[in-house]
Amino acid sequence: MPVGTLGTVKSLSPEELMEAGAQIILGNTYHLYLRPGCEVIEQFSGLHRFMNWSRPILTDSGGFQIFSLARLSKISENGATFQSHIDGSTHLLTPEKSVQIQISLGSDIIMCLDQCLPYPAEKQSAREALALTTRWARRCKDFWSCQTRKGNLLFGIVQGGMFSDLRSESVEDLVAIDFDGYAVGGLSVGEPKDLMLEMAAVTLPQLPADKPRYVMGVGTPEDLVNLVALGADMFDCVLPTRNARNGQLFTSSGTINISNACFKLDSEPIETGCSCYTCRHYSKAYLRHLYLAKELLAYRFNTIHNVHFFLDLMRRMRMSICNGNFESFKKDFFNKRA
Ligand SMILES: [Zn+2]
């Protein structure tokens, strides 16, 4: 899922997202709640019409931003009290309020409010955060079940820090509540890469095979391939869009920095054979020039390619799974990048 933080995947139009093959995008509840605010989006019957996007939208719970971006003043059984990073105003986000906001945004996949801990965290704190996450997940499910507007799905989020036994406990608790899909949260929060994969390897196979499994906030192309191998179905990450704006472009043989002097006279596209709009029309030399000159088109053209690259990678993995040759796809992928 390309990340559309503020009701826009930065620099791309909905048409460009569709051309890149985006089936679904992510919207950030925290950001949209603060700006432009639910009142504005409700006026348009939801985010779909407001931003002119007709395909599904997943919204996060707002929890991650509260714990990372806002000034968190208090966390209690009832919810999280925080101060807006924009104007310092104080807000209380309860599990019910988070679901309510996501419903008013018109979200197709609603995420439960969870408590995400930074890395490293003591086992006792991880245990308490996991227990609170489970109680909040129950409240989200109860509240969501009572709402008349259905058609959307509700996903639970596995926590448990970097502790295998806590991860298993979290899975068990959430599966007992019964959600439409399950996310693995609390990864990619600063831990070493092998620990991230280890926790995913513990968690993913325990989740129901007939429900979507979503690894939140991950990751590099290598991460996606490794995690799909472990059973992950969905991801969101700002990497393709943010890195595009920093001139870092993804190719099947690795990443390149478009500002590099070696591209000054390079008449080839970013990746030969890439079917994205940028690669079909522009050379690396032109993209380098746009980027160095800080021209607005640089952000758009770079983002078009990176989003296309990630979605195409997912598309190729889906195909290889359907055709029963994922293992050889994976081997081939890592050979090319080596
Ligand atoms: Zn391309």
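Values quoted throughout were computed directly from the atomic coordinates according to the rules given, and no laboratory measurement underlies them. All of these numbers come straight from a predicted model, not from anything done at the bench. In this analysis, Cβ positions are derived from the backbone assuming ideal geometry, glycine residues included, and neighbour counts consider all displayed protein chains.
Please go through the range 130-167 and write out the trypsin sites (Lys or Arg not before Pro) that DSSP classes as loop and that have at most 11 other C-beta atoms within 10 Å.
Working: sites: R135, R138, R139, K141, R149, K150, R167; in loops: R149, K150.
When the trypsin sites (Lys or Arg not before Pro) of the range 130-167 are filtered for loop state and at most 11 Cβ neighbours within 10 Å, R149, K150 remain.
Just the Cα atoms of the range 214-257: what Rg and Dmax do they give in Å?
Expressed in Å, the Cα Rg and Dmax of the range 214-257 come to 11.1, 31.
So, in nm, how far is label D165 from label D180 when the simple model puts each one 7 Å beyond its Cα toward the Cβ?
With each label point 7 Å from Cα toward Cβ, the separation is 3.6 nm.
Which longest run of the chain has no exposed loop site in it, a site being GluC sites (Glu not before Pro) in a DSSP loop with at most 16 other beta carbons within 10 Å, and the site itself not part of the run? Don't skip to the answer; put the middle values down first.
Values: sites that count: E77, E122, E295.
Result, exposed sites excluded: 123-294.
Could you work out how far the C-alpha centroid of the range 247-280 sits from that of the range 1-45, in angstrom?
27
Give the average over all directions of the projected area of the C-alpha convex hull of the chain, one decimal, in nm². Each step should come with its number before you reach the end.
Details: hull surface 69.9 nm².
Quarter of the Cα hull surface area: 17.5 nm².
For a quick check of your reading of the filter: which trypsin sites (Lys or Arg not before Pro) in the range 254-338 sit in a DSSP loop and have no more than 13 other Cβ atoms within 10 Å?
Values: sites: K264, R280, K284, R288, K294, R300, R315, R316, R318, K330, K331, K336, R337; in loops: K264, K294.
Answer by residue number: K264, K294.
What spacing in nm lies between the two simple spin-label points modelled at F44 and S68, each 7 Å away from Cα in the Cβ direction?
2.5
With the cut-off at 23 Å, tell me which of the pairs K74/K97; K97/K150; K10/K150; K123/K193 have Cα atoms farther apart than that. Can you show the working numbers first?
Details: K74/K97 16 Å; K97/K150 17 Å; K10/K150 30 Å; K123/K193 20 Å.
Long pairs (Cα-Cα over 23 Å): K10/K150.
Using Cα-Cα distances under 8 Å and only pairs 6 or more residues apart, what relative contact order does the range 209-338 have, in percent? Don't skip to the answer; put the middle values down first.
Details: 149 pairs, mean separation 29.4, N = 130.
Computed value for the range 209-338: 23 percent relative contact order.
Okay, which of the range 302-325 sit inside 20 Å, backbone N to the point 7 Å along the Cα-Cβ direction of R280?
Within reach of a label on R280: 302-316.
Please count, across the range 197-338, the pairs of lysine residues with Cα atoms under 24 Å apart that sit 8 or more places apart or on different chains. Please list the in-between numbers first.
Numbers: K211/K330; K264/K284; K264/K294; K284/K294; K284/K336.
So the count works out to 5.
Taking the highest mean first, how do the peptides 83-92, 58-67, 185-194 order by number of other beta carbon atoms within 10 angstrom per residue?
Ranking the peptides 83-92, 58-67, 185-194 by packing returns 58-67, 185-194, 83-92.
Using only helices, what value at 222 nm comes out for the chain when you add -39,500 (n - 2.57) per DSSP H run of length 4 or more and divide by the total residues, to the nearest 500 deg cm²/dmol?
Mean residue ellipticity, 222 nm, calculated: -14000 deg cm²/dmol.
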